[in-house]
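The values are calculated or read from the model by the stated rules, or taken from the named source; none is laboratory data. Note that this is a predicted model, so its numbers are computed, not measured. Here Cβ is always computed from backbone atoms with ideal geometry, including for glycine, and neighbour counts include all displayed protein chains. Heads up: the accessible areas ignore ligands, DNA and RNA and are worked out on the full protein's heavy atoms, side chains in. Shrake-Rupley method; radii C 1.70, N 1.55, O 1.52, S 1.80 Å.
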Amino acid sequence: MSAPAYKFLPAELADRMHALGVRVRRPVEGAVQGLHRSPHHGSSVEFADYREYARGDPPSLIDWAIYARSDRYVIRRYQEETNLRAHLLLDISESMSFREAGLHSKMDYACFLAAALMLVLLGQSDAAGLTLFNDEIRKTFPPVASLDGLRPMLLALEEIKPSGRSQIEQALHQTAERIQRRSLVILISDLWQEPAGIIRGIQHLRHGKHEVLVLQPLDAAELNLSFGGLAELRELETGARLPVEADEIREAYANEAAKFLDEIRRGCLGSLAEYHLIDTRTPVEETLHARFGQL
Amino acid sequence: MTGLAALNPFFLSLLPLAALPILFHFFYRLKRQTRPFPTLMFFHRLDPKLNARRRLREWLILLLRCLLILFLLLALARPVWFGHGQEGAVAVVMLIDNSGSMSGPGEGGRTKLKLAVDAARDILAELHGADRAGIVLLAPDPAAQLPDGLTQDKTALKLGLDAIAETEASGSVAAAVERAMRMLDAGAATRREIQVFSDLQQEKWGQPPVKLFPPPRGLGMVVHRIASPSSGLPNVSLTQVEMPSRPVVAGRRFPVQVRLANSGASAAQVRLNWLDDAGNRGGLDVTVAPQETRETPVTLQAPNPGLRWAIFSVEGDDFPADNRAAAAYVGVEQQSAVFLGKAADFGYLPLALSPMGDGRLSGVATSFSTFESFAAGPNPGFVVMTWDAILKAGAEGGARLEALRQFLLKGGTALVTPLPAGTAGTGRKPDWLAIAPGSLQGSSNGLALTVLDKAGAIFDDVRDARGEVALRNVKVFRYLPLRVESQAAPLLGLEDGAITLAAQKVGQGLLLASGLAFDPAWSTLPLKPAFVALAQGMALNHAGAQGGITSLVAGDPPAGLPAGSEALVVQSLGGSPLDWKGPAGQFTTFPRVGVYALRLGKETRWVAVRSSEKEGRRKFIAGDTLAALGNLAYSVEGMSGSESARAEFRREERSLDLSLPLLLLAFVCLAMEGWLANPAPLKPRPAAIR
């Protein structure tokens, strides 16, 4: 593939993405034949199950061998294989601009992830779209299945300037309302919001039969306070200030952060969403290989 | 007096340092950098009031740090709360006002000074243990043997109090307080006190101090006011005795002016008495109008040559301490005046000096001689010659003029006048003579005589009551204008500027040169009554002024005494007794009226002391503000008896040292600050039960 150099999809990263693949656990609806199971049963070679014959069904689908044994008209169903439509939801709120211990800021790291995933998806004949949001959905790119269609999204990633407060639950609800066909929804966010709201959004997507993949890139300094003594902290999204004595609160803070992550993890599991916590100190390729290389 | 005082007040000036933590707080707040952080969610989850708690704790720490410094500085300042707590060691100086006003009657018929001394005795009885005391008098009294500095020897203190007697002196409050403070400053004690006993006379206590000694640490000052009941009688002060400025010829009577002042509201009838050193007494009744001053002439007679004195006193008024004055003068032998020439050469001058010629009336005996005899024989005290004789002697050779110069160098007085007949003569003026006569001048209408040196001592006998020279309306018809060089000084002149009388000091003597012959044809001066006094003043000039005699008001320091350790002997010649020996620098004042001889090595001086008329003024401060104490901390307590002073002292000697409680408070602040500034790590929230 001869492609122009994109900031978040450099050639060496793109080359290493060929070995990767993204799979979904549940059927998805696609327009063209692909790697993923379709919820539509048809004349494919892969048997799915039986059902009673109903008026209007083509008589050619009746399994006569069953009729001979059980005197029942049943129709044999086959699993149709289809391509995947993936929607990447990228959090561009100001908290994503944080970087202290990581190789990149969370925002850049998330952009690398998004670009790489979109390339992987297109490489396996899937379609990938992109949605940028903070307190509302700022930009949406419908899924495309060609590399040419990927270009505007890669350029959009380069133009991102993290700002505003994130409303993850609202973005998930809006996405769930907007997507009609069963799809793969990939949420990339630091998830710094109350877990209950996020889980509600994920459940809304799951209710629409969408497969949900949650990627949470975090800087290690967010989980364990890396500084000591007295410091005045300024919250990136709200500007609120808080003087804290780090040594006094470090242990309790780490404990609270761990509890939060556990809450998120449990919520995702309970919603049958796939969840991955990503440390921004880990190179993007390693992260992708570790998460998707074995598939 | 109760209240707080700091033993180390320097640390009080550092109290603003207690605000340093606030300054540092705001300084570091400005410099504190903020860290961007993705979310504060976990902090709020941990403790929703974390910020409020943090701020509260910060302000508490700030407050505690300020309090820590404040309490430390206060503790270092060693505050003492007087009038409370336990008894501590006391250093007390009893400052007793022994000035003349305290000689007046107090309550119960005793003098105010007696009441003050009794109250001081009572306070002395209250001293115990390590307490020390000293005595300071408002008017220093060399006759009173007081303990030197602070002492625990109660016997010495009692004897010192017994030695305190009434004076006729005034005193300086600031100086007395300074002496008391210096005494206290030398010793260490928890409580330092000055107990003052005074009638608070306005004259002394109402004057702002020129300079006040900085108070020692922990000083408390209590002023016990001794009431001054009013008798309603007028008070007459003897304010001045004016003696002749020249030595008085023994055997002659001479006038003395005694000035009396009535400070009362009604006329006073008093008797003025005097007693001279020969035991001669005199007296006369005098009426002095209210608020008036009256000059009373008194005639004295010097019995013999030498130092003579007289004590004057007023009898019959209400207040005794301003009623006496001592006056001293020098009596000399009968003086001789020698005229070098014939009587007709000197006009009326021989008659003016001695009408009978034998000195019975004027004390000056006159005789006539020649220049040659004068040069050969023993010299008289006063010699008169003519310009003609001087100039001729100059022309004939220097022997006679040299004799004249030697006479002058030894202290003699010479007068040179023109011949009444006319010219000054011809000849040569000696080089040492800085005065020369000009040619005869005349004025048919007469020129007015003017005094060119109004302060000249030669005119002291012809001054009027206002001190002006009484040589008015003297017309001059003939005169020899004098040429005066810089070594000489003009004394009399004419309205046209000519000089007619000049003086030249030659060695210890004086040469008077006249351009006027003392003849009515030359001027009207010989016809004036003042001429006699002027002439006799010139004749007696050689006896010198009343040198060595100083007049002082009781309580004033004698001037001119060396401040060092040169031995001084003071002896009373008359009046109040005083015998004192010691280093001259330690002699203070004469507290009472008398005539005293001061022997300083081979030199002897005499001092005539009169009472201070200020002490008779009956204005006493009724309020609690004493200007003489400036900004010192003090309290004024009315003294209804010595028991009240004792009770006040007993209350005052208790004191509570607050430095230890303040130090403990500082430690408490330090501990609390440490506890707040180093909190235990925040405990993690318990996991929710799922």
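Within the range B:357-412, the set of residues being open to solvent by 10 Å² or more (accessible area, probe 1.4 Å), at pLDDT below 80 and either in a loop (DSSP other than H, G, I, E, B) or of a type in the set (Lys, Arg) (or both) comprises B:GLY357, B:ASP358, B:ARG360, B:LEU361, B:GLY377, B:PRO378, B:ASN379, B:PRO380, B:GLY381, B:GLY397, B:GLY398. Consider the range A:197-228 and keep the residues that are within 14 Å of chain B (Cβ to nearest Cβ), touching a helix residue (DSSP H, G or I) at 6+ places or on another chain (Cβ under 9 Å) and among the small types (Gly, Ala, Ser). The one that is most open to solvent (accessible area, probe 1.4 Å) is A:SER226. Would you check if there is a residue in the range B:436-443 being part of a loop (DSSP other than H, G, I, E, B) and open to solvent by less than 50 Å² (accessible area, probe 1.4 Å)? Looking for residues that are part of a loop (DSSP other than H, G, I, E, B) and open to solvent by less than 50 Å² (accessible area, probe 1.4 Å), one finds at least one in the range B:436-443, hence yes.
Each residue in the range B:455-482 was checked for being more than 17 Å from B:PRO247 (Cα to Cα), part of a loop (DSSP other than H, G, I, E, B) and either among the small types (Gly, Ala, Ser) or open to solvent by 60 Å² or more (accessible area, probe 1.4 Å) (or both), and 8 of them qualify.
Within the range A:180-191, being open to solvent by 10 Å² or more (accessible area, probe 1.4 Å) and either under 22 Å from A:ALA110 (Cα atoms) or not assigned by TED's automatic domain parsing to the domain that holds A:TYR275 (or both) holds for no residue.
Scanning the range B:7-36 for residues that are more than 30 Å from A:GLU222 (Cβ to Cβ) and among the aromatic types (Phe, Trp, Tyr), we see that the one that is most open to solvent (accessible area, probe 1.4 Å) is B:PHE10. A:HIS87 meets all of the listed conditions (1) at pLDDT below 80; (2) under 19 Å from A:SER125 (Cα atoms); (3) touching a helix residue (DSSP H, G or I) at 6+ places or on another chain (Cβ under 8 Å) but one, namely (1). The set of residues from the range B:310-337 being open to solvent by 40 Å² or more (accessible area, probe 1.4 Å) and in a strand (DSSP E or B) comprises B:GLU315, B:ARG324, B:SER336. Meeting the requirement of 2 or more residues that are within 9 Å of chain A (Cβ to nearest Cβ), the helices (runs of 4 or more DSSP H) wholly within the range B:1-77 are B:41-46, B:50-76. Restricting attention to the range B:37-74, which residues are surrounded by fewer than 17 Cβ atoms within 10 Å (Cβ to Cβ), in contact (Cβ under 8 Å) with a residue 12 or more places away in the chain and basic (Lys, Arg)? Answer for the range B:37-74, where residues must be surrounded by fewer than 17 Cβ atoms within 10 Å (Cβ to Cβ), in contact (Cβ under 8 Å) with a residue 12 or more places away in the chain and basic (Lys, Arg): just B:ARG57. If you filter the range A:245-258 down to residues that are open to solvent by 30 Å² or more (accessible area, probe 1.4 Å) and farther than 21 Å from B:GLU58 by Cβ, you find that the one that is farthest from the other protein chains (Cβ to nearest Cβ) is A:ALA258. Residue pairs whose Cβ atoms lie under 6 Å apart, sitting 6 or more positions apart in sequence or on different chains, and linking a residue in the range A:96-121 that is more than 12 Å from A:PHE8 (Cβ to Cβ) to a partner that is of a type in the set (Gly, Ala, Ser) and open to solvent by less than 10 Å² (accessible area, probe 1.4 Å), are A:GLU100/A:ALA221; A:ALA101/A:ALA221; A:LEU121/A:ALA86; A:LEU121/A:ALA128. Would you check if A:GLU194 is free of Cβ contacts under 8 Å to residues at least 40 places away in the same chain, within 14 Å of another protein chain (Cβ to nearest Cβ) and open to solvent by 10 Å² or more (accessible area, probe 1.4 Å)? Considered against the rule, which asks whether it is free of Cβ contacts under 8 Å to residues at least 40 places away in the same chain, within 14 Å of another protein chain (Cβ to nearest Cβ) and open to solvent by 10 Å² or more (accessible area, probe 1.4 Å), A:GLU194 comes out as yes.
Yes/no per residue for (1) within 14 Å of another protein chain (Cβ to nearest Cβ); (2) part of a loop (DSSP other than H, G, I, E, B); (3) at pLDDT below 90; (4) loosely packed, with under 14 Cβ neighbours inside 10 Å:
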position: B:THR588; (1), (2), (3), (4): no, yes, yes, no
position: B:PRO591; (1), (2), (3), (4): no, yes, no, no
position: B:TYR596; (1), (2), (3), (4): no, no, no, no
position: B:ASP624; (1), (2), (3), (4): no, yes, yes, yes
position: B:LEU660; (1), (2), (3), (4): no, no, yes, yes
position: B:MET672; (1), (2), (3), (4): no, no, no, no
position: B:PRO686; (1), (2), (3), (4): yes, yes, yes, yes
position: B:ILE689; (1), (2), (3), (4): yes, yes, yes, yes
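Here's the yes/no breakdown for (1) basic (Lys, Arg); (2) assigned by TED's automatic domain parsing to the domain that holds B:ALA671; (3) within 60 Å of the chain's Cα centre (by Cα); (4) over 25 Å from A:SER95 (Cβ atoms):
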residue	(1), (2), (3), (4)
B:ARG45	yes, yes, no, no
B:LYS49	yes, yes, no, no
B:ALA52	no, yes, no, no
B:LEU56	no, yes, no, yes
B:TRP59	no, yes, no, yes
B:ARG65	yes, yes, yes, yes
B:LEU70	no, yes, yes, yes
B:LEU73	no, yes, yes, yes
B:LEU76	no, yes, yes, yes
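Within the range B:267-307, the set of residues being open to solvent by less than 50 Å² (accessible area, probe 1.4 Å) and of a type in the set (S, T, N, Q) comprises B:ASN273, B:THR296.
The set of residues from the range A:259-289 being surrounded by fewer than 15 Cβ atoms within 10 Å (Cβ to Cβ) and assigned to a helix (DSSP H, G or I) comprises A:ASP262, A:ARG266, A:LEU269, A:GLY270, A:GLU286.
If the condition is being out of contact with any strand residue (DSSP E or B) (no Cβ under 6 Å at 6 or more places or on another chain) and either at negative phi or part of a strand (DSSP E or B) (or both), then the range B:227-248 contributes B:ALA227, B:PRO229, B:SER230, B:SER231, B:LEU233, B:ASN235, B:SER245, B:ARG246. Only one entry in B:GLY129, B:GLY108 is modelled with pLDDT under 90, outside any helix (DSSP H, G or I) and surrounded by fewer than 20 Cβ atoms within 10 Å (Cβ to Cβ), namely B:GLY129.
Residues in the range A:229-244 that are in a loop (DSSP other than H, G, I, E, B) and more than 7 Å from chain B (Cβ to nearest Cβ): 4 in all. The criterion of being open to solvent by 50 Å² or more (accessible area, probe 1.4 Å) and of a type in the set (Val, Ile, Thr) holds for A:THR238. In this structure, A:ARG85 does satisfy being away from chain B (no Cβ under 14 Å) and of a type outside the set (A, V, I, L, M).
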